[in-house]
Amino acid sequence: RQGAAGITASRLDYRLAVEAVPVELTALVETLNEMLARLEDSFRRLKDFSSDLAHELRTPISNLMTETQVALGRARSPDEYREVLASNAEEYERLARMISDMLFLAQADNGLIVPRPEPVDLAAQVAELFDFFDALAEEKALQLSLSGTGQVSGDKLMLRRALANLLSNAIRHTPNGGRIQVRIEATGGTTTLAVENSGESIQPEHLSRIFDRFYRADPSRHGGGEGAGLGLAITRSIIQAHGGEISARSGEGSVCF
């Protein structure tokens with residue numbers, strides 16, 4: 001009881017001594033220790049998330065403040081003011097996207113996402129997204145290919161967003177002249193969709209965290225304006241809301257989700 005009384009948010013690493021209690025209470029103490037381990041992990045993730053969120057918000061806000069202060073430093077022409085406003089508008093859009101994504105993930109954490117189920121043709125959705133991303137793929141001379149078919153029950157807009165995140169991520173990290181393959185297989189009541197792209201492999205130590213919010217396996221691969229590192233976290237939330245699973249593997253010059 002004295003040990004439990006000393007446990008606080010800053011002392012979640014404390015564990016009750018199993019050997020200090022009668023054998024009848026051993027299972028209870030072990031369960032309490034497992035609970036403390038889960039709480040410690042949750043608090044650590046929350047702390048990291050708060051720090052990352054503050055860092056991500058600080059950059060666009062700092063840019064807005066600096067540009068505005070410079071613009072107010074002296075009188076300028078209407079065209080110069082328009083340039084400043086246009087630049088500021090881009091930062092506002094980035095902030096708006098980030099806030100929207102954070103609200104989406106907050107809903108997912110609290111189980112508020114209830115997909116409206118309807119038949120979704122995965123091949124048709126991928127084909128439409130290929131058309132949408134055609135200009136970007138053509139700019140990098142990428143080869144896009146689709147094989148197989150499959151149908152699932154789910155919210156079409158949410159699943160389309162998850163697929164768009166995966167394809168956008170693949171296009172961003174595939175080198176010029178590379179390839180992106182989407183394979184769909186439906187067997188035994190299970191539908192599997194794989195998005196594989198050629199390019200630099202992801203090290204094993206990063207694969208386990210690649211779906212974490214704001215996590216970047218290689219910060220140098222993320223230029224300004226390419227998002228806040230929330231796309232894969234949102235994709236995982238959407239897939240899990242539909243009762244599915246998502247994972248990633250990498251090796252021999254390719255990455256597959």
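The values are calculated or read from the model by the stated rules, or taken from the named source; none is laboratory data. Please read all numbers here as calculations on a predicted model, not as lab measurements. Positions of Cβ are generated from backbone atoms using ideal geometry, with glycine treated the same way; all protein chains shown enter the neighbour counts. What goes into the accessible areas is simple: the full protein's heavy atoms, side chains included, and nothing from ligands, DNA or RNA. Shrake-Rupley method; radii C 1.70, N 1.55, O 1.52, S 1.80 Å.
May I ask for the distance between the Cα centers of the range 152-221 and the range 44-69, given as a whole number of Å? Here the answer is 26 Å between Cα centres. For the range 25-126, taking Cα atoms only, Rg and Dmax work out to 23.1, 78 Å respectively. Considering the values (i) 26.4, 90; (ii) 23.4, 82; (iii) 17.9, 52, which represents Rg and Dmax of the Cα atoms in Å as calculated for the structure under consideration? Matching entry in (i) 26.4, 90; (ii) 23.4, 82; (iii) 17.9, 52: (ii).
Note down the accessible area of Arg82, probe 1.4 Å, to the nearest 10 Å². Approximately 140 Å² of Arg82 is accessible to the 1.4 Å probe. Full extension of the segment from Tyr92 to Lys47, taken as 0.36 nm per residue of separation minus the current Cα-Cα distance, would add 13.6 nm. A Cα-only calculation for the range 86-138 places Rg and Dmax at 16.2, 42 Å.
If a helix is a whole DSSP H run, which ones in the chain reach 24 Å or further along their own axis (Cα) and hold a mean Kyte-Doolittle hydropathy of at least 0.0?
Working: long enough: 26-71 (68 Å, -0.26); 78-109 (46 Å, -0.46); 156-173 (26 Å, 0.13).
Sorted by number, the helices that extend far enough and score high enough are 156-173.
Compute the label zone of Arg116 within the range 146-184: residues whose backbone N is under 12 Å from the point 7 Å along Cα-to-Cβ. Residues 155-158 qualify, since their backbone N sits under 12 Å from the label point. Going toward the positive end of the dipole of the range 1-139, with +1 on Lys and Arg Cβ and -1 on Asp and Glu Cβ, which of Val21, Ser42, Val126 do you reach last? Of Val21, Ser42, Val126, it is Val21. Extension gain, Glu200 to Glu245, is 13.8 nm, computed as 0.36 nm per intervening residue step minus the present C-alpha separation. Once the chain from Arg74 to Ala106 is taken as fully extended at 0.36 nm per residue, the excess over their C-alpha distance is 7.2 nm. Looking at Met158, Ser145, Ile171, which one has the Cα that reaches farthest to the positive end of the dipole of the range 133-180 (charges on Cβ: Lys, Arg +1; Asp, Glu -1)? Result: Met158, furthest along the dipole toward the positive end.
Mind putting a number on the dipole of the chain about its Cα centre? Charges go on the C-beta only, +1 for Lys and Arg and -1 for Asp and Glu, and I need it in Debye to the nearest 20. Could the numbers behind the result be given before it?
Working: 27 positive and 36 negative charges, 82 e Å.
About 400 debye.
Show log10 I(q)/I(0) for the range 79-209 at q = 0.13 Å⁻¹, two decimals, from a solvent-free Debye sum over equal Cα scatterers. Scattering profile of the range 79-209, log10 relative to I(0): -0.76.
Protein chains only, probe 1.4 Å: how do Lys156, Lys47, Lys140 rank by accessible area, largest first? Write out the running numbers ahead of the final one.
Working: Lys156 75, Lys47 150, Lys140 45 Å².
Correct descending sequence by accessible area is Lys47, Lys156, Lys140.
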